[in-house]
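A quick write-up on the structure given underneath.
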Amino acid sequence: MAIITSPKSELIEFNDLFIEMSKKTCNLKCKHCYIDFSNEKSIKNFLPLETIKECLRDLKGENLKYIHLTGAEPMLHPDFNTILRYCLKYTSTVIHTNGYSINDKKARFLKKVEEENNKNNEIIMKLSLEHYDERTNDEIRGRGSYRKCLHSVQSLLKYGFNPLITVVNHFNEDEKQMRQKLKELFETIGFITEDININIIPLINKKEFAETGEQEMVYKNLDCSFGRTLAINGVYNCLLNTDDYRGRSGSDFKNYSKRAMLDSPACSYCMKSHKQLFGINFTDRE
Ligand code: SF4
């Protein structure tokens, strides 16, 4: 009888802690969003500061390079500023945001918070945009969202940030061309990008498996190879699987699995793309 085994990944080094600050609260409703949320503003939908503190105590001793604050929209968490300051005491912190809360005043405030921490840990702003074409972007993300993103980038540049941009490849376009068009777009607002600034990720369908062809049995270059995600109801292999039992690693960081079986539909897209989708792709890992 043939034994069917799943592809898997092992946690190589714990560099990236993703914190899903809120599962349900966002100020946009993008058509493709992988989060199935109701936009309730109930306090029970926000990860409590105490849980984050406990998690960071449990991870003492790991080589954490980045804490990623994610959502839905992390900047809507009522304790966002306190959590950000707390995380910066540990390591550099990446804010994955739609950028709607960012204007000159907010960018100035964030720079002040960054400068307050005496360990030289950085705040890294990671914004999302759907397309280099305004109309296409706004059809997916909502009217005005394209201009809002560009204005947010300008505010961040004004206060010395070097924003990273995540773009979903909705129409399976050639990545090289997409990157070039995005580069040209950002040049028009004075933002000279390098490859690290633009992260193009595939469109993920969490209900259907992607056609993968031949798979490797062990993956070493995905988000689940370099970190885990803390969510309201436990620890998961990555951000894409926080509502899927197949991606669960444990209930907390005292006892969680360092091995991930890559069985979910989201995993099939991720394995195909062969890269970290949400972490920062360090060149020394490629
Ligand atoms: S979606 Fe990707 S990063 Fe997440 S567990 Fe699956 S293969 Fe790993």
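Selection of segment 169-227 for residues being in a loop (DSSP other than H, G, I, E, B), open to solvent by 10 Å² or more (accessible area, probe 1.4 Å) and over 21 Å from Tyr269 (Cα atoms) yields Thr188, Ile189, Gly190, Ile192, Glu194.
Considering segment 5-25, the residues that are open to solvent by 50 Å² or more (accessible area, probe 1.4 Å) and not in a loop (DSSP other than H, G, I, E, B) include one that is farthest from Tyr90 (Cα to Cα), namely Lys8.
So that you can scan it fast, the table gives a plain yes or no per residue for (1) within 14 Å of the ligand (Cβ to nearest atom); (2) basic (Lys, Arg); (3) out of contact with any strand residue (DSSP E or B) (no Cβ under 8 Å at 6 or more places or on another chain); (4) under 27 Å from Ala107 (Cβ atoms):
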| position | (1), (2), (3), (4) |
| --- | --- |
| Thr166 | no, no, no, yes |
| Asn169 | no, no, no, no |
| Arg179 | no, yes, no, yes |
| Leu185 | no, no, yes, yes |
| Asn197 | no, no, no, yes |
| Asn205 | yes, no, yes, no |
| Phe209 | yes, no, yes, no |
| Val235 | yes, no, no, no |
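Scanning segment 238-261 for residues that are near the ligand (Cβ under 9 Å from one of its atoms), in contact (Cβ under 8 Å) with a residue 60 or more places away in the chain and touching a helix residue (DSSP H, G or I) at 6+ places or on another chain (Cβ under 6 Å) yields Cys238, Leu240, Ala260. Filtered by the rule that a residue be of a type in the set (Ser, Thr, Tyr), surrounded by 15 or more Cβ atoms within 10 Å (Cβ to Cβ) and over 21 Å from Ala72 (Cβ atoms), segment 102-153 gives a lone residue, Tyr132. Contact map, segment 17-34: residues that are closer than 16 Å to Leu129 by Cβ and of a type in the set (Lys, Arg) paired with residues that are crowded, with 22+ Cβ neighbours inside 10 Å and modelled with pLDDT of 70 or more, Cβ distance under 8 Å, separation 6+ or inter-chain. Pairs shown: Lys31/Arg141.
The values are calculated or read from the model by the stated rules, or taken from the named source; none is laboratory data. Note that the structure is a prediction, hence the values are computed from the model and not measured. Quick reminder, even Gly has a Cβ in these numbers, built from the backbone with ideal geometry, and neighbours come from all protein chains shown. To get the accessible areas, we keep the full protein, side chains included, count just its heavy atoms, and leave off ligands, DNA and RNA. Shrake-Rupley method; radii C 1.70, N 1.55, O 1.52, S 1.80 Å.
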